[in-house]
Amino acid sequence: MLPKALSDAIEALGMLPGVGPKTAERYAYYLFKSSDKVAGNISEALSNLHKGVKSCPVTFALIDADEDVSPLYSDESRDKTTVMVIEEPLDIYAIEQTKSYKGTYHVLGGAISPIDGITPEQLHIGELIKRVNADNVKEVIIATNPSVEGESTALLLEKMLHEQNPNLKLTRLARGLPLGVDLSYADQITLSAALENRQAL
């Protein structure tokens, strides 16, 4: 019973992850009630998304379309001999906000997941091995997510990288109890990781 243009907007917004039918309806109606400028700005930003963003050919981070490589790779102050391996490009920004890491990154483009049809061949593992040799990498920090898929990917990376470079230093981001959490509220996996990664005082 809705006008076609509004129905089309609801259907399009419903394609976004985590947006159900009711939320899509609210978004579409909000855009309709707002000024043309709000919808126009969103429309313009979306239409420029694929034209203005590309993947870095070295690190596979997201970069501006007019850039050759990621600024975090070309910056001479970054340590190219240390590479942090992450699953998705947006993980970079979480690490960068800490202002504690001065190496470079390598985006795998996901994690191994047979259920979702993601195999090792679909990830940027071969390019990582080439980078290790080309940049004379001394340490690879594996920062895949602490999930079943992330752990499987980490184990495969460890095996493949050690086969190619036995002397390469491989490290994994520490896992355990976050600050401010009571022990009674921590889940078993987090507690197990905290025990396994305990430090000497």
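Quick note: the coordinates plus some simple rules give every number you see, no bench work behind them. Quick caveat, the model's predicted, so the values are computed rather than measured. Please note: Cβ atoms are built from the backbone with ideal geometry, for glycine as well, and neighbour counts cover all protein chains shown.
Overview of values
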item: Contour minus Cα-Cα distance for Tyr93 and Leu6 (0.36 nm per residue); result: 27.8 nm
item: Three-way shape label, the stretch 82-140, alpha-carbon gyration tensor, a/c 1.5; result: oblate
item: For the stretch 92-107, 3J(HN,Hα) per residue [Karplus equation, 6.51 cos²θ - 1.76 cosθ + 1.60, θ = phi - 60°, Hz, x = Gly/Pro]; result: 4, 5, 5, 5, 4, 5, 6, 6, 10, 10, 10, x, 10, 10, 9, 8
item: Among Gly176, Gly18, Gly109: highest mean-square fluctuation, GNM of the chain, C-alpha pairs under 10 Å; result: Gly18
item: Two-site FRET efficiency, Asp66 against Glu44, from Cβ-Cβ distance with R₀ of 25 Å, rounded to 0.05; result: 0.85
item: Label assignment, percent of Cα pairs over 29 Å apart derived from the structure, set (i) 18; (ii) 44; (iii) 36; result: (ii)
item: Peptides ranked, highest mean first, by Cβ atoms within 10 Å: ranges 78-91, 55-68; result: 78-91, 55-68
item: Expected 222 nm ellipticity per residue - DSSP helices of 4 or more, -39500 (n - 2.57), all of the chain, to 500; result: -13000 deg cm²/dmol
item: Straight-distance crosslink candidates among aspartates and glutamates, where the alpha carbon sits under 18 Å from Lys22 and sequence neighbours closer than 8 are dropped; result: Asp8, Glu11
item: Sorted by Cβ neighbour density within 10 Å, fewest at the top, the residues His106, His124; result: His124, His106
item: Exposure proxy ranking, count of Cβ atoms within 10 Å, fewest first, for Tyr101, Tyr185, Tyr73, Tyr29; result: Tyr185, Tyr29, Tyr101, Tyr73
item: Out-of-range pairs (alpha-carbon distance over 23 Å; input Lys99/Lys130; Lys4/Lys54; Lys130/Lys169); result: Lys99/Lys130; Lys4/Lys54
